[in-house]
Amino acid sequence: MSYTPFSLCPSDSDVAEALILRGFDPSHEATKFTTYKTELDLPIPQLMQIAKSAKSVLRLGVDIGGGTGTFAATMKLYNVTVVTTTMNVAAPYSEAVALRGLVPLHVPLQDVDRVLRGGGYMWVDHFFSKGADLEKTYGPLIGKLGYKKVKWATANKTDAGGLKNGEVYLTALLQKPVSR
């Protein structure tokens with residue numbers, strides 16, 4: 001599909017139909033959220049146990065860059081509503097999320113802190129950036145929020161681009177203070 005920058009997006013219904021007809025197996029995708037393989041992983045059962053231990057109830061989540069909504073669909077099984085933010089880049093992700101009966105939405109990242117209640121959790125899953133950027137920019141920015149670091153794990157991104165560019169992954173579970 002081609003498009004003209006800064007103009008209205010063309011209809012991508014042909015791509016949407018192909019995705020729907022030859023989509024992926026959601027049950028296979030969901031396993032990445034329920035199994036533990038590396039220190040970067042935070043499986044949903046572990047997340048639910050952390051919340052239970054803290055006498056918290058997870059009710060609402062925001063999945064930034066949620067692709068086709070697999071995480072939201074999995075959390076729906078735990079009676080947690082997750083709003084999935086997507087961008088239609090090379091595929092109609094928003095339509096795929098909506099077709100699964102989930103909630104697609106475009107939300108700027110800075111609004112997450114504003115809408116998260118005190119005591120609520122922000123889960124950053126496999127976020128990647130250059131190691132220097134994480135250390136000098138993202139880490140201090142997250143620190144300014146004053147969130148409790150329930151989990152903070154980093155690892156080198158081991159694909160060719162990651163190794164060449166010094167990229168790392170971050171998985172973090174952060175709890176917003178009840179009051180500031």
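The values are calculated or read from the model by the stated rules, or taken from the named source; none is laboratory data. Quick caveat, the model's predicted, so the values are computed rather than measured. Cβ atoms come from the backbone with ideal geometry, glycine included; neighbour counts cover every protein chain shown. Surface areas here come from the heavy atoms of the whole protein model, side chains and all, with no ligands, DNA or RNA. Shrake-Rupley method; radii C 1.70, N 1.55, O 1.52, S 1.80 Å.
Got a number for the accessible area of Leu141? Probe 1.4 Å, square angstrom, nearest 10.
110 Å²
Run the 1.4 Å probe and let me know the accessible area of Asp111, rounded to the nearest 10 Å².
Asp111 exposes around 40 Å² with every protein chain in place.
Ordering Glu135, Glu39, Glu95, Glu167 by how much accessible area each has at a 1.4 Å probe, largest first, what is the list?
Glu135, Glu39, Glu95, Glu167
Can you work out ³J(HN,Hα) from phi for every residue in segment 51-62, in order, using Karplus 6.51 cos²θ - 1.76 cosθ + 1.60 and θ = phi - 60°, giving whole Hz and x for Gly and Pro?
With coefficients 6.51, -1.76 and 1.60, one gets 5, 5, 4, 8, 6, 10, 10, 7, 10, 9, x, 10 Hz.
Show me, for segment 75-84, the HN-Hα J-couplings you get by feeding each phi into the Karplus relation (A = 6.51, B = -1.76, C = 1.60, θ = phi - 60°), rounded to Hz, glycine and proline as x.
For segment 75-84, the Karplus-derived couplings read 5, 4, 5, 9, 6, 10, 8, 10, 8, 9 Hz, x marking Gly and Pro.
Around Gly119, with a cut-off of 11 angstrom between Cβ atoms, what is the net charge of the other residues, counting Lys and Arg +1 and Asp and Glu -1?
Local charge sum for Gly119: +4.
In what sequence, largest accessible area first, do Arg117, Arg100, Arg59 appear using a 1.4 Å probe?
Ranked list, largest accessible area first: Arg117, Arg59, Arg100.
Please list the non-local residues whose amide H lies under 5 Å from the amide H of Asp63, H modeled 1.01 Å from N, same-chain partners needing a gap of 5 or more.
Val83, Thr84, Thr85
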